[in-house]
Amino acid sequence: MPTAPKKPRALKAHITRLEMMAPPRQSLPLPVNITAAVMRVPNIPLAYYRHLYDQVGRRWHWVDRLRLSDEKLKAILHDRRTEIAVLYVNGAPAGFYEFFRHEDELEFCHFGLMEHALGLGVGKWFLLQALYAAWAHEPQKVVVTTNNLDHPRAIQLYQMFGFSPVSTSDALVRPLSDDEILKVFKG
C-alpha cells in the first residue's frame, strides 16, 4: 500500500529589511570572457516567470509566488508598477530581478542568479545594473528584504552597494510539497 507523501517541515527564517537612500556611485566591469545582456520583460508569460523563479529561488526556498493562482500572479506581474528584467549570460537565461514601485520607494521583490551562473563573477555586476534601473525611477529609497535561507553573502553584498539594515523579524517558510510542485509545473 503506497504511503501518503510527507509534508515538508517548515523552516525558520530570520528576515532582514535593508534600505538604500542614494544611488550607487561605483561601476563594475563585466567579467572577462562573459557575454551578458539584461533585458526587461514587460507582461512576462507566467510559465516563463515561474521557471525563472523556480530556477533562481529553489535552493533558497522561494515558494510564495509558486503558490499563487494564475490570476493573482498575473495581477502582480503585469501591474504597470512592476518591472522584471532577465539576465542572459552567453545566450542563456541566468537570473532575474523584479521590483515594484510604490509612491516614494522602490521595493526589490526578487533578485538572483540561476545555479549555473553562480561563481562566474556576474552577481555584483548584475546587482549594480538592477540598482541603476531602480534609481532611474528616482525613488526616495530602495528597499530589499533577505533572510538566513538566502545566499550566505546576500546581506554583505547588499551592504557593499549601500544598503543598511533597518529591521529584522522571524517567519516560517513552508517548502512546497511534492503535490504542489506537480501542480505548479504540470504540462
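The values are calculated or read from the model by the stated rules, or taken from the named source; none is laboratory data. Note that the coordinates shown come from a computational prediction; the quantities given were computed from them, not determined experimentally. Here Cβ is always computed from backbone atoms with ideal geometry, including for glycine, and neighbour counts include all displayed protein chains.
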Screening 174, 80, 153 for residues that are over 17 Å from the mean Cα position of the chain (by Cα), closer than 15 Å to residue 59 by Cα and of a type outside the set (A, V, I, L, M, F, W, C) leaves only 174
Pairs returned, first residue in region 53-74 that is farther than 18 Å from residue 87 by Cα, second residue that is assigned to a helix (DSSP H, G or I) and among the hydroxyl-bearing types (Ser, Thr, Tyr), beta-carbon separation under 6 angstrom, 6 or more apart or interchain, are 65/53
Of the residues in region 47-75, those that are aliphatic (A, V, I, L, M) and surrounded by fewer than 16 Cβ atoms within 10 Å (Cβ to Cβ) number 2
Scanning region 130-169 for residues that are among the small types (Gly, Ala, Ser) and modelled with pLDDT of 95 or more, the one surrounded by the most Cβ atoms within 10 Å (Cβ to Cβ) turns out to be 130
Picked from region 54-111 (must be β-branched (Val, Ile, Thr) and in a helix (DSSP H, G or I)), the residue nearest to residue 140 (Cα to Cα) is 76
Looking at residue 86, is it hydrophobic (A, V, I, L, M, F, W, C), at negative phi and touching a Pro at 6+ places or on another chain (Cβ under 6 Å)? yes
The residue from 116, 61 that alone is touching a strand residue (DSSP E or B) at 6+ places or on another chain (Cβ under 6 Å) and at pLDDT below 95 is 61
Per the list (1) outside any strand (DSSP E or B); (2) over 17 Å from residue 132 (Cβ atoms); (3) in contact with a strand residue (DSSP E or B) (Cβ under 8 Å, 6 or more places away or on another chain), residue check on residue 18 breaks on (1)
All-but-one check, residue 26 against (1) in a helix (DSSP H, G or I); (2) exposed (fewer than 11 other Cβ atoms within 10 Å of the Cβ); (3) not charged (D, E, K, R), failing number (1)
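Against the condition farther than 22 Å from residue 28 by Cβ, part of a helix (DSSP H, G or I), among the acidic types (Asp, Glu) and touching a residue at least 24 places away in the same chain (Cβ under 8 Å), how does residue 180 come out, does it pass? If you could, list the steps in order and put the result at the bottom.
Working: farther than 22 Å from residue 28 by Cβ: yes; part of a helix (DSSP H, G or I): yes; among the acidic types (Asp, Glu): yes; touching a residue at least 24 places away in the same chain (Cβ under 8 Å): yes.
When the stated conditions are applied, residue 180 passes them.
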When every residue in region 115-129 that is in contact (Cβ under 8 Å) with a residue 60 or more places away in the chain and of a type outside the set (Phe, Trp, Tyr) is compared, the one surrounded by the most Cβ atoms within 10 Å (Cβ to Cβ) is 122
Counting only residues in region 32-41 that are in contact (Cβ under 8 Å) with a residue 12 or more places away in the chain and assigned to a loop (DSSP other than H, G, I, E, B), the one surrounded by the fewest Cβ atoms within 10 Å (Cβ to Cβ) is identified as 35
If we keep only residues of region 152-177 that are assigned to a helix (DSSP H, G or I), among the aliphatic types (A, V, I, L, M) and in contact with a strand residue (DSSP E or B) (Cβ under 7 Å, 6 or more places away or on another chain), then the residue nearest to residue 65 (Cα to Cα) is 154
